[in-house]
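Trainee: Input: one structure, supplied below.
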Amino acid sequence: MSFDYDLLVIGAGSGGVRASRIAAGLGARVAIAEERQLGGTCVNVGCVPKKMYVYASEYSEHFRGSTGFGWEAGDVPAFDWRVLRDNKSEEILRLNGVYARILESAGVELLQGFARFVDAHTVEIDGKSYTAERILIATGGWPRVPDIEGGDLVLTSNEVFDLDTLPRRVMVQGGGYIAVEFAGIFNGLGCETELVYRGPLILRGFDGEVRQFIREQMAAKGVTMSMNLDIESIQKRTDGALDVRLSDGSVRTVDAVFSAIGREPKVSGLGLERAGVELDARGYIKVDDGFQTSTTNIFALGDVIGRVQLTPVALAEGMALARHWYDNQPLRMDYESIPTAVFSQPSLAAVGLTEEAARDTCGEVDVYVSEFTPMKHTLSGLAERCLMKLIVRREDQQVLGLHMAGELAAEIVQGFAVAIKAGATKADFDATIGIHPTAAEEFVTMRSPRA
Ligand code: FAD
Ligand code: NDP
C-alpha cells in the first residue's frame, strides 16, 4: 500500500518539530499538522515567555539592591506591562518564523489545522484526508481548571501572558512549577501576591529542605505563602474584582486568580477511538518502551504520554524515535538523573535523588549542606540567601543528588548534571578546583557531612 507520507506528526511543539525535522533530514517524506502556532507550548505559552517575564520581574530587586553599590536610583522606576507583553509577543513571532524556516529547509510539509484520525493510517485536516505509514501523536497538554463554582473565572498559563492589564492583587492557586514561578513573577512586577496551596509544603517531589527554604525565601520577598488552604468558590463582584472563598471559610478580594493545578493531555477531538489508540488510567496516551501505542503504526511522545513533562525530554524522545526509524539506531531513552529547574525567585535546580529518596532506596547517605549569603547580597542589602546540598552514598561515595536554591541555580546545576550522570564520586568533586569567587565553587569545597 502506498501512503502520502512516511511519517505524519500531529503537533508542532517541542517533540513533534524535533521528530519531524530529524526524520526528514534522514530522507523520510514527512508532514506535520499544527492547529495553533509553531513551537507549541514551550515557545508560545510556556518556557520562553515565562523566562522573559521572570527576567522582567527580577529588575525590581536589581533596582532596589543597586543602592548598596552606590547607585542613587531613587524610586524604583515605573513598570509598563504592555511594553513587556508586546516586546515578548514580537520575539515569539520571530521564533514562530524561525520554526517555519527550520521545517521548510528540512523538507517537512506543514499542514495548518486541527488534525483528527479517520483510521489508523488516515488523518483529516480541514476537510482533507492525508495518509501515512506511521503517525506520531505529539499534541502536548492543556491547563486543568478547578472544578469549583466560578472555576471559569480563573486565568491559566494559556491566558496570563497576554493580559490587557496587570492585576494589582493576585491569588495564585497551586504549589507546582507554574504556580511557584508565577507567584515570583507577579510579586516582582509589583502585584500583591498570595500563593494558596492545598498541601503542607510547595513543590512536592523536590528535596524537603530545599522546598522549605524556597517557601521561606519567597515569603521574605513579599509573597504571602498560604499552605493547607484551597479555593472553594470564586464570585465576580460588580466592580469587576473577585471574591474568593477559601477552605478555612475566609474570603479574599483580588483582581485575578491565576490557577496552576497541573495539565491534562490534549487528546479531545483527536478521534483516537477510530484509530484504536488507547489511553492509560490517568487519561494519557498509553505507549510501550518504544513509544508505540495500542495501534502498531501509531506512536506518541512528549507531554501527551505523561512521563516527564519537560521540553528537553520531549526533544530527546523525538530525536531518539526519528533516528531509530530512519537511521536504524537503537531506541534508547534514558530517564535517569534528568536535571530540572524551577524559575522561582530565588531559583531552584536539582539533579538526581532527594535526601528522602536516597535514604529510602540507597541505604546510608552522607549529606553535605551549605547555606550562606551570596557575596552580591552582602552589599545589596537584600535578604536573599543560597542553599546548596549534596547527597552522597556512604558505601561507595557516589554523589546521588545535587540541589541548589539561589541565583543562577539552573545554569550551575546544568554543568554539574554531567558529573552526576557520569557517576562522579565525592572524591571527584573534591579533586576539582573551584572558580573563585562564585557560589558554584561551594559544590567542590564542601568538606564535612552534616552530623
Ligand atoms: P507541546 O509543546 O504542547 O506541543 C503540542 C502541539 O500540538 C501544540 O502546538 C498544539 O497546538 C498542537 N496540537 C494539539 N492537538 C492538535 C491537533 N489535534 N491537531 C493539530 N495540532 C494539535 N518545560 C521546561 O523544560 N522548562 C520550562 O521552563 C518550562 N516552562 C513551562 C512553563 C509553562 C507555563 C508551561 C505550561 C510549560 C512549561 N514547560 C517547561 C513544559 C514544556 O512546555 C512542555 O513539556 C513541552 O512543551 C512539551 O512538548 P510537546 O511537544 O509534548 O507538546
Ligand atoms: P504541577 O504538576 O507541577 O503542579 C500542580 C500543582 O497543583 C501541585 O501543587 C498540586 O498539588 C496542585 N493541584 C493539583 N490538582 C489540584 C486541585 N484539584 N486543586 C488544587 N490544587 C491542585 O503542574 P503545573 O501546572 O505547575 O505544571 C505542569 C508541568 O509543566 C510541570 O509538572 C512540569 O513538568 C512542567 N513545567 C516545567 C517547568 C520548568 O521546567 N521550569 C515550568 C512550568 C511547567 P499536589 O502537589 O498536592 O498534588
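Trainee: Can you tell me which of Phe258, Phe299 is under 25 Å from Val30 (Cβ atoms), more than 10 Å from ligand 1 (Cβ to nearest atom) and part of a strand (DSSP E or B)?
Mentor: Details: Phe258 fails: under 25 Å from Val30 (Cβ atoms).
Only one candidate passes the filter, namely Phe299.
Trainee: Please determine, by comparing only the residues of segment 195-210 that are surrounded by fewer than 22 Cβ atoms within 10 Å (Cβ to Cβ) and away from ligand 1 (no atom under 16 Å from the Cβ), which one is nearest to Phe372 (Cα to Cα).
Mentor: Glu209
Trainee: Go through segment 156-181 and give me each residue that's closer than 26 Å to Val308 by Cβ, touching a Leu at 6+ places or on another chain (Cβ under 9 Å) and of a type outside the set (Gly, Ala, Ser). Spell out the reasoning first.
Mentor: At the first step, the residues of segment 156-181 found to be closer than 26 Å to Val308 by Cβ are 156-161, 172-181.
Checking the rest, the ones that are also touching a Leu at 6+ places or on another chain (Cβ under 9 Å) come to 172-177, 179-180.
Correct list: Val172, Gln173, Tyr177, Val180.
Here is a yes/no grid of residues against (1) assigned by TED's automatic domain parsing to the domain that holds Ser344; (2) part of a strand (DSSP E or B); (3) buried (at least 24 other Cβ atoms within 10 Å of the Cβ); (4) more than 11 Å from ligand 1 (Cβ to nearest atom):
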| position | (1), (2), (3), (4) |
| --- | --- |
| Ala12 | no, no, yes, no |
| Gly16 | no, no, yes, no |
| Pro49 | no, no, no, no |
| Val54 | no, no, no, no |
| Ser57 | no, no, no, yes |
| Arg64 | no, no, no, yes |
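Trainee: Considering segment 349-366 alone, what residues qualify as being among the charged types (D, E, K, R) and either over 16 Å from Arg204 (Cα atoms) or surrounded by fewer than 17 Cβ atoms within 10 Å (Cβ to Cβ) (or both)? Step through it out loud before you land on a result.
Mentor: Taking segment 349-366 as the starting set, the residues that turn out to be among the charged types (D, E, K, R) are 355-356, 359-360, 364, 366.
Hits for segment 349-366 are Glu356, Arg359, Asp360, Glu364, Asp366.
Trainee: Only residues that are assigned to a loop (DSSP other than H, G, I, E, B) and under 18 Å from Thr425 (Cα atoms): list them for segment 377-408, please. Show your work before the answer.
Mentor: So in segment 377-408, the residues assigned to a loop (DSSP other than H, G, I, E, B) come out as 381-385, 394-397, 406-408.
Across segment 377-408, the qualifying residues are Arg394, Glu395, Asp396, Gln397.
Trainee: Also: Checking Phe182 against (1) more than 11 Å from ligand 1 (Cβ to nearest atom); (2) over 28 Å from Ile285 (Cα atoms), which test does it fail?
Mentor: (1)
The values are calculated or read from the model by the stated rules, or taken from the named source; none is laboratory data. Quantities reported herein were computed from a predicted structural model and do not represent experimental measurements. As a convention, Cβ positions derive from the backbone with ideal geometry for all residues, glycine included, and neighbour counts pool all protein chains shown.
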